[in-house]
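The values are calculated or read from the model by the stated rules, or taken from the named source; none is laboratory data. Just so it is clear, the model here is predicted, and its values are computed rather than measured. When we count neighbours, we look across all protein chains shown, and the Cβ atoms used for this are built from the backbone with ideal geometry, even at glycine.
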Amino acid sequence: MGRMMARLHRFRGARLRALMGLAGLALALGLGVDRWVGATELPPLVPETSVEVLARDGSLLRAYTVGDGRWRLAVDPARVDATYLAMLLAYEDKRFHRHRGVDPVALLRALGQAVRHGRAVSGGSTLTMQVARLIEDGPTGTWAGKLRQVRLALALERVLSKDEILALYLHHAPMGGNLEGLRAGSFAWFGREAGRLTEAQAALLVALPQAPAARAPDRHPERARGARDRVLERAVVAGVISTGAAEAAAREALPDMRRAFPTQAPHLADRLRAAHPERAVHRTTLDPSLQRALESVARAALRDLPAQASVAIMVAEPGSGAILALVGSGDYLDTGRQGFVDMTQALRSPGSTLKPLIYGLAFSDGLAHPETLLNDRPARFAGYAPQNFDRMFRGPVSAREALQVSLNLPVVELTQALGPARLMAALRMAGVQAEVPGDAPGLAVALGGVGMSLEGLVQLYAAIARGGEAVALTVEGGGPRQRRQVMSAEAAWHLGDILAAAPRPAHLPDWRVAFKTGTSYGHRDALAVGFDGAHVVGVWVGRADGAPVPGMFGVDVAAPLLFEVFGQFGTGPVALPPAPPAALVLSHADLPAPMRQFGGRMAQSDTAPEVAFPPDGAALVPMGGRVLARVERGEAPFTWFANGAPVLRQSFEREARLEVEGPGFVTLSVVDAQGLAARVQVELR
């Protein structure tokens, strides 16, 4: 009995030592594996993704390939179709959220299947192992390659969350050719984002990465269909979709061709990418539906134009300055028309489209009123002798009519009174880039002798549309609001009222759209710019190389396109705003005597009036809501204006206290009995 107990103790001791040895071996192996996994050199875990340009609703306008020529769009798993994700896990790795990178159950199953069938039936790879292979582009058919995947998968699970690993798969899963990732596959095969997929679409995108070349639906439709249907069957077994849904999905047609990626607003996209190369995503204010529609309008317009002519279109909101559509040319890829040149940015002559600014400044400064008579007669201005387009002269004509029929002599005379420098300063105040030869503006600027872009013209008309207040156009949103007053609100309203009632060809709609056309010297540029109550539209037609297009006029080629653009705004143009309370809506007979006939030059002679106080540029605090003003020289009686509205009529006193609303910038003007005028601009605080 004692010997038996001794043997039992020796056996137990040996068993204990064996177990302890095995535990020690397991611990050593575990520590070895732990050190082996911990020493794994990880590849870059942040994928390079395509630069994207997005519309204001977040939809894709344009994308660019990454450095190696692949399409790899950034993917947020939270915005991926939920059915796709469920199908993916059901088909590829149903224990994804439970294993640590390697699934022993799947490996044993794969080994058993290989023994039974004498060949590999399934690989036993987890999604993490597939990610390991994809981010290193490693081999799949060797033991060394498989061991590397296991090691890297275990290492990835230590440093990344499951969601981060899933995101890597969604970025790198091969979808055929140079397509990588779920979004690239969804766009190329179905022309849509991956946020909402049909069951059939989701199943195909799950099946493609296993054999993207062999299952390409455009080249191997039967293989693609078989692979897709196997995913659907597995999804039914896993309870992801119903049998009925799977049967309906199996009847859905496969895509028969790869679709092109969106290429809307290519000129703007190129510009944003060049300006901010560090950004992966550019969010814009463009309206995607309007952008598509206007690109079609511009493309269709090319059919009626000479072979080398092009078209550019811009639409903006005057209230916010947001650019809603930008078409730089009719066809970006047409090298014969130099379609790659963004003609919304090119500096060209504005033709007669600058005339409304001149009239607006004259109205704002008290030089003229829409019913003031101007003299359309032959005249020379220091050797400069402009003529009207039809080489005829109409004699006395109201400022309203002179602008509506775009007479040249009256607007040049107004420009002389204002001074070309005043015109250029107003453009700068509106935030518009304008260039003149030698930086020395002359009277020719009134008739288009200045370089401006279509975007600059749209920005100028946006200021008129919003009551004379400058607005910074923006395509990326969030721009600072400018508070500079280019002209008075009353003057801006008068311009809109005049231009909306201008005579137009019979083939144009009779909508109340305030618009002006222009044709530059030599028929190089045809322009039309206009606004309604909510939009500003600019259209340019011509050749990108600046060569003439004989017989091309703004009213014939640009104006019809302008109205076609306004026709794209749902129910048509938005009504123009009503007159401001201070707007002087009078007939010619009811005007103050000095305003009935334009008197010509301002403050250019010893007898012309001069505002002695307040000085130009002064900042004042009104006393009791009134501003002290004093005029020297000139012939009484005097009429005083604040931002174009009369505040004191027929005064024989040279000093007056004017009731002027503030705070803000105000242009004070005084007109004497001879119609001669002077002005200053002050800030009321």
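One table, with the values for the structure above:
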{"read-out": "Some residue of segment 164-173 being outside any loop (DSSP other than H, G, I, E, B), modelled with pLDDT of 95 or more, over 26 Å from Arg100 (Cα atoms) and assigned by TED's automatic domain parsing to the domain that holds Val66", "value": "no"}
{"read-out": "Among (1) at pLDDT 95 or above; (2) assigned to a loop (DSSP other than H, G, I, E, B); (3) farther than 19 Å from Ser125 by Cβ - the single one Leu232 does not satisfy", "value": "(2)"}
{"read-out": "Residue list for segment 351-378, restricted to those being surrounded by fewer than 21 Cβ atoms within 10 Å (Cβ to Cβ) and more than 27 Å from Val611 (Cβ to Cβ)", "value": "Arg377, Pro378"}
{"read-out": "Scan of segment 663-685 for residues that are closer than 14 Å to Gly617 by Cβ and not polar (S, T, N, Q), ordered by number", "value": "Phe665, Val666, Leu668, Arg679, Val680, Val682, Glu683, Leu684, Arg685"}
{"read-out": "Breaking point among (1) more than 22 Å from Ala312 (Cα to Cα); (2) crowded, with 17+ Cβ neighbours inside 10 Å; (3) touching a helix residue (DSSP H, G or I) at 6+ places or on another chain (Cβ under 6 Å), for Arg512", "value": "(2)"}
{"read-out": "Pick from segment 55-72, criterion in a loop (DSSP other than H, G, I, E, B) and among the hydrophobic types (A, V, I, L, M, F, W, C), ranking: modelled with the lowest pLDDT", "value": "Val66"}
{"read-out": "Any chance Leu409 is of a type in the set (A, V, I, L, M, F, W, C), assigned by TED's automatic domain parsing to the domain that holds Gly518 and in contact with a Phe, Trp or Tyr (Cβ under 8 Å, 6 or more places away or on another chain)", "value": "yes"}
{"read-out": "Test: Pro573 is at pLDDT below 95, within 28 Å of the chain's Cα centre (by Cα) and not hydrophobic (A, V, I, L, M, F, W, C)", "value": "yes"}
{"read-out": "Filter result (surrounded by fewer than 22 Cβ atoms within 10 Å (Cβ to Cβ) and of a type in the set (Val, Ile, Thr)) within segment 667-681", "value": "Thr667, Val680"}
{"read-out": "Matching residues in segment 385-400 - criterion: being of a type in the set (Gly, Ala, Ser) and within 41 Å of the chain's Cα centre (by Cα)", "value": "Ser398, Ala399"}
{"read-out": "Residue in segment 640-651 that is more than 16 Å from Phe363 (Cβ to Cβ) and without any contact (Cβ under 8 Å) to a residue 24 or more places away in the chain present", "value": "yes"}
{"read-out": "Of residues in segment 174-219 being polar (S, T, N, Q) and not in a loop (DSSP other than H, G, I, E, B), the one modelled with the lowest pLDDT", "value": "Gln210"}
{"read-out": "Pick from segment 56-105, criterion over 30 Å from Ala265 (Cβ atoms) and among the acidic types (Asp, Glu), ranking: farthest from the chain's Cα centre (by Cα)", "value": "Asp103"}
{"read-out": "Within segment 82-96, tally of residues that are of a type in the set (Val, Ile, Thr) and out of contact with any helix residue (DSSP H, G or I) (no Cβ under 7 Å at 6 or more places or on another chain)", "value": "0"}
{"read-out": "Residue identified as assigned to a loop (DSSP other than H, G, I, E, B), farther than 30 Å from Asn643 by Cβ, aliphatic (A, V, I, L, M) and not assigned by TED's automatic domain parsing to the domain that holds Ala426 among Ala325, Ala307", "value": "Ala307"}
{"read-out": "Residues (polar (S, T, N, Q) and surrounded by fewer than 20 Cβ atoms within 10 Å (Cβ to Cβ)) located in segment 144-169", "value": "Ser161"}
{"read-out": "Per-region count, segment 631-685, residues acidic (Asp, Glu) and part of a strand (DSSP E or B)", "value": "4"}
{"read-out": "Sole exception among (1) modelled with pLDDT of 95 or more; (2) in contact with a helix residue (DSSP H, G or I) (Cβ under 9 Å, 6 or more places away or on another chain) for Glu222, by number", "value": "(2)"}
{"read-out": "Near pairs, Cβ below 8 angstrom, 6+ apart or cross-chain, from segment 193-207 (farther than 10 Å from Ala227 by Cα) to any residue that is assigned to a loop (DSSP other than H, G, I, E, B) and polar (S, T, N, Q)", "value": "Glu193/Ser59"}
{"read-out": "Some residue of segment 261-274 being within 20 Å of Thr49 (Cβ to Cβ) and either in the same structural domain as Ala63 (by TED's automatic domain parsing) or among the charged types (D, E, K, R) (or both)", "value": "yes"}
{"read-out": "Given (1) in contact with a helix residue (DSSP H, G or I) (Cβ under 7 Å, 6 or more places away or on another chain); (2) in contact (Cβ under 8 Å) with a residue 24 or more places away in the chain, index of the condition Glu469 fails", "value": "(2)"}
{"read-out": "Considering residues of segment 340-373 that are among the β-branched types (Val, Ile, Thr) and touching a Leu at 6+ places or on another chain (Cβ under 8 Å) only, the residue nearest to Gly599 (Cα to Cα)", "value": "Thr372"}
{"read-out": "Residues that are aliphatic (A, V, I, L, M) and surrounded by fewer than 20 Cβ atoms within 10 Å (Cβ to Cβ), drawn from segment 398-415", "value": "Val405"}
{"read-out": "Check on Ser364, in the same structural domain as Thr519 (by TED's automatic domain parsing) and in contact with a helix residue (DSSP H, G or I) (Cβ under 6 Å, 6 or more places away or on another chain)", "value": "yes"}
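Condition check ((1) closer than 21 Å to Pro663 by Cβ; (2) loosely packed, with under 15 Cβ neighbours inside 10 Å) across all residues:
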{"position": "Pro550", "(1), (2)": "no, yes"}
{"position": "Ser587", "(1), (2)": "no, yes"}
{"position": "Leu620", "(1), (2)": "yes, no"}
{"position": "Arg630", "(1), (2)": "no, yes"}
{"position": "Ala636", "(1), (2)": "no, yes"}
{"position": "Gly644", "(1), (2)": "yes, no"}
{"position": "Ser651", "(1), (2)": "no, no"}
